Amino acid sequence: MTTRISAVPRPAPAVDLAVPFADCHITSDAQAAVLRVLQSGWVTTGREVAAFETEFAAAVGAEYAVAVSSCTQGIELALRSLGLPPGSLVLSSTMTFCGAVQAIMHAGHQPVLVDVDPATGLPTPATVRTAVQAFGRPAALTVVHWAGDVADVPALAEAAGVPLDHVVVDAAHALGTYAGDAPVGSGPGATCFSFYATKNLPLGEGGMITTDDAARADWLRKARLHGMTADAWRRYLPGGSWRYNVADAGLKANMTDIQAAMGRAQLTHFPSWQRRRAQIAAQYDEQLAGLPGVGLPHRPAPGQGTHAWHLYPIRLRLNGGIDRDEVIAALSERAIGTSVHFIPVHRLAYFSQAALIPSAGLTGADALFGQLLSLPMYPRLSGAQVDAVCAAITGIAHQGISGKGTE
Ligand SMILES: *Cc1c(COP(=O)(O)O)cnc(C)c1O
């Protein structure tokens with residue numbers, strides 16, 4: 001960060017990387033907005049949250065937006081809002097973050113993990129049908145637009161036999177993704193976004209659920225705060241009443257006005273941040289294309305939509321005896337941070353027991369997992385930093401190819 005909130009000391013970074021993997025940029029106007037809220041005397045859910053919801057809904061073309069404490073809580077609430085019988089089957093891609101599957105379990109349901117096409121990292125109608133044939137028709141389906149790429153939500157829902165309003169879209173990577181001309185978040189069902197520190201609109205923590213269904217938005221708005229019929233802000237408004245009722249079980253998953261004020265300011269920068277991400281992706285593409293053993297990330301075909309470039313996941317197929325951990329170590333020696341998204345959920349001990357997994361395994365995800373490497377991708381990454389990352393990978397790739405074959 002180049003600027004900081006006065007009086008809040010910035011902790012020293014643990015390692016001083018020349019090219020860190022991630023960057024949580026809180027703009028100076030977002031910092032000023034936090035101070036404004038702190039000085040206003042109202043810091044929890046209030047007018048800033050209401051304004052952020054309106055502005056966010058407009059940004060993604062949704063009718064309603066409900067701010068929550070995280071995307072994980074958003075997915076749980078969106079599933080709960082369907083009122084399904086406990087233990088219902090809910091499909092999820094195995095190539096996702098563990099929290100998205102925990103949300104299914106905390107909503108009281110049984111996750112069924114679905115394989116992905118190793119070429120895209122996304123489930124296909126065929127992998128969905130395999131899961132349905134093994135375990136029966138699910139009551140709901142979560143769809144993750146992995147890395148910011150475009151999943152075909154209608155085709156996956158049809159393969160699952162699930163109506164579109166029973167699809168919960170995990171858009172943690174997909175603020176800025178378009179399916180065709182439609183921004184993710186504008187469709188039917190419920191879409192859940194994350195404002196976690198590394199996401200495309202970073203607030204540190206936070207989430208948003210969008211929907212076109214007024215009754216569902218109303219239910220979600222109550223359920224995020226104990227199921228109370230009127231939140232504190234509305235009770236204390238002039239003419240507000242102290243009375244409230246609780247009609248349904250709720251969570252404590254509301255967003256504070258501090259986060260929302262930051263979100264409103266960050267959102268004004270979002271279009272330019274997305275343009276910068278696309279430029280960085282193009283620079284990586286240009287410099288890494290054709291490199292032996294290195295595959296570029298999948299992206300939507302023309303007309304299919306727009307990638308949000310939350311991640312830039314390359315695939316390593318180095319056949320010269322260098323493996324991924326060696327590449328990660330070699331990059332780290334050059335002070336370049338990387339990560340892997342994701343360890344497939346079925347390979348995590350808890351979910352290997354708790355989730356339903358087709359007996360033939362999830363071989364597409366396993367194959368892809370071995371190759372994945374996420375490169376640094378954030379708006380403040382400079383052209384020179386991208387050059388440095390590409391030069392390092394080029395050196396490693398050539399070494400890897402020549403290493404075994406020629407000696
Ligand atoms: C980050 C992430 C989440 C969880 O988001 P939180 O806001 O941290 O709860 C869910 N799904 C995916 C795919 C993610 O990357």
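Scaled against the 2.2 N^0.38 Å expected of a compact globular protein of N residues, the Cα radius of gyration of the chain reads 1.02.
Of the DSSP beta bridges with both residues in segment 81-219, give the percent that are antiparallel, rounding to the nearest 5. Restricted to segment 81-219, the bridges split so that about 35 percent are antiparallel. Remark: the Ala134-Tyr350 segment gains 75.7 nm on full extension, using 0.36 nm per residue and subtracting the alpha carbon distance. Ranking Trp273, Leu225, Thr96 by Cα position along the charge dipole of the chain, where only Lys, Arg, Asp and Glu carry charges on their C-beta atoms, puts Leu225 farthest toward the positive end. The dipole here belongs to segment 162-296: it is taken about the Cα centre, uses +1 on the Cβ of Lys and Arg and -1 on the Cβ of Asp and Glu, and is about 540 debye.
Dipole size of the chain about its Cα centre, with +1 on Lys/Arg Cβ and -1 on Asp/Glu Cβ: approximately 800 debye, rounded to the nearest 20.
When the charge dipole of the chain is built from unit charges on Cβ atoms (+1 for Lys and Arg, -1 for Asp and Glu) and taken about the Cα centre, the candidate among Gly383, Gln110, Ala367 whose Cα reaches farthest toward its positive end is Gln110. For segment 28-268, the antiparallel share of DSSP beta bridges with both residues in that region comes to about 50%. Applying 1/(1 + (r/R0)^6) with R0 = 25 Å to the Cβ-Cβ distance of Ala32 and Ala232 gives a FRET efficiency near 0.50. A simple count of charges around Gly240, restricted to other residues whose Cβ falls under 15 Å of its Cβ and scoring Lys, Arg +1 and Asp, Glu -1, yields +3. Charge tally around Leu225: other residues with Cβ under 9 Å, Lys/Arg +1 each, Asp/Glu -1 each, net +3.
Comparing Thr363, Thr211, Thr306 in a Gaussian network model of the chain, where Cα atoms under 10 Å apart are tied by springs, the biggest mean-square fluctuation is seen for Thr363. Under a plain spin-label model, where a point goes 7 Å from the Cα along Cα-to-Cβ, how far apart in nm are Asn245 and Thr394? Distance between label points: 6.9 nm. Dipole orientation for the chain: of the candidates Phe52, Pro188, Pro85, Phe52 has the Cα lying most toward the positive pole (charges on Cβ; Lys, Arg +1; Asp, Glu -1).
If the chain linking Arg47 and Ala278 were pulled fully straight, counting 0.36 nm for each residue of separation and taking away their Cα-Cα distance, it would gain 79.8 nm.
Beta bridges assigned by DSSP with both partners in the chain are antiparallel in approximately 60 percent of cases. Legend: residues Asp325, Asp149, sorted from most to least accessible area (1.4 Å probe; ligands, DNA and RNA excluded), read Asp325, Asp149. Hey, in the GNM for the chain with a 10 angstrom Cα cutoff, which one of Arg243, Arg277, Arg224 fluctuates hardest? Taking springs between Cα atoms under 10 Å, the residue moving most is Arg243.
Structure remark: mean-square fluctuation, Gaussian network model of the chain, C-alpha springs under 10 Å; the largest value among Gln73, Gln102, Gln287 belongs to Gln287. Local charge for Tyr64 was computed over the other residues whose Cβ lies under 9 Å away, with Lys and Arg +1 and Asp and Glu -1, and equals -3. As a rough guide to protection, the peptides 234-242, 77-85, 120-128 ranked by mean Cβ packing within 10 Å, highest first, stand as 120-128, 77-85, 234-242. Using a 1.4 Å probe on the protein heavy atoms, what percent of the accessible area of the chain belongs to carbon and sulfur? Carbon-and-sulfur percentage of accessible area, whole number: 56.
The values are calculated or read from the model by the stated rules, or taken from the named source; none is laboratory data. All figures in this text were calculated on a predicted structure; none of them were measured in a lab. Please note: Cβ atoms are built from the backbone with ideal geometry, for glycine as well, and neighbour counts cover all protein chains shown. These accessible areas exclude ligands, DNA and RNA; they are computed on the full protein's heavy atoms, side chains included. Shrake-Rupley method; radii C 1.70, N 1.55, O 1.52, S 1.80 Å.
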